[in-house]
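J.: My questions will all concern the structure given below.
The values are calculated or read from the model by the stated rules, or taken from the named source; none is laboratory data. All of these numbers come straight from a predicted model, not from anything done at the bench. Neighbour counts run over all protein chains shown; Cβ positions are idealised from the backbone, glycine included.
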Amino acid sequence: MKNTLETRLGLFFALVVIAAFLLFELIGSGALFSRGKHLRAQFATVRDLKAGDPVKLAGVSIGRVRTIHAPKAGRVEVELAIDPEAEVRTDSVASILFTGLMGQNFISLTFGSDKAPLADSTTLLTSKDQPDLAAIMTKLDGAADGVQNMTRSFTGEEFNKLLGPFTDFLKQNQPRLVAILGNLQNISTTIAEGQGTVGKLIKEDTLYQSALATVTNLNQTVDDIRPLATDARAAVAEARSMVTAMNKGEGTVGKLLKDEKLYSETTTAMTNLREIFQKINGGQGTIGQLVNDAGFLKNVKLTLQKVDKATEGLEDTGPLTVLSSVIGNLF
């Protein structure tokens, strides 16, 4: 091999490429953050996550996956090497995401709340398991199979079976359908020209004017009723004040309602009146004897008969003669 300039340049570039590759491997394995904070998170499955995969906070790389421990009690613990300057809170949530369908897996961290303290090396972050890509693809495959089966059912033959009766119906009822469409066209033309009830309702503004006049009359009626309503409220207020005054015993009606003396006097008067009627019915006293004495009634009848006889035939006699005849008949 000749020791030429081209050879030396080739060796130099080869060494640069090898050094860059080694540096990349060192950074990828987490050596850059080996002295940072070591946080932990537990997942039900880590899928294809491996040591050296990035840890991102809001899309910004702040660390690497340091180690992945064997599953214990149904959980896989992942240790993270985090930049000591990164503000990861104790309530930050860790999730395993991937960049694209065929991209690299990484752990995504949320900010957490400002009131939560900063995480230290003893913090166990809250984890959130995302749907597995394989499970998603399985569901998509099942959905695709369902769509494929559905499209298979709509073959040309199936469409013919489905549309055949409808086509036969159209052929058999073509004259009727044409007549119906013609009638609909005539009706729409009539309405458009303003003929008929519906056409007048659409073309003429008579109904609008009537409705406007009705609303105006209603407004006027309301305006006329308002004074009556005011008077009614005043009357109700006055009646309320009168009732209040009566409840207080004011005025004649109030005294009648509230004065117990009047009640006692009325009760006494009714008692006395009942006793008087009882005495009259028992024939006691003058009125009782007059009411219950049969002889007195007989004498009254006889007297009335004599008066009746005395008045007979007095139409043609003078006053003195009538007076003397009456006295003679009576006595």
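J.: Could you say whether any residue in segment 258-265 is modelled with pLDDT of 75 or more, surrounded by 10 or more Cβ atoms within 10 Å (Cβ to Cβ), of a type in the set (Asp, Glu) and in a helix (DSSP H, G or I)?
T.: yes
J.: Sticking with this one: Which of (1) modelled with pLDDT under 75; (2) charged (D, E, K, R); (3) outside any helix (DSSP H, G or I) is the odd one out, the single condition Arg8 does not satisfy?
T.: Checking Arg8 against (1) modelled with pLDDT under 75; (2) charged (D, E, K, R); (3) outside any helix (DSSP H, G or I), the one that fails is (3).
J.: Condition check: outside the structural domain of Gly112 (by TED's automatic domain parsing), at pLDDT 80 or above and not polar (S, T, N, Q). Does Leu15 satisfy that?
T.: Here the answer is yes, as Leu15 does meet what is asked.
J.: Restricting attention to helices (runs of 4 or more DSSP H) lying wholly within segment 152-252, give those where 1 or more residues are at pLDDT 80 or above.
T.: 156-172, 174-192, 206-247
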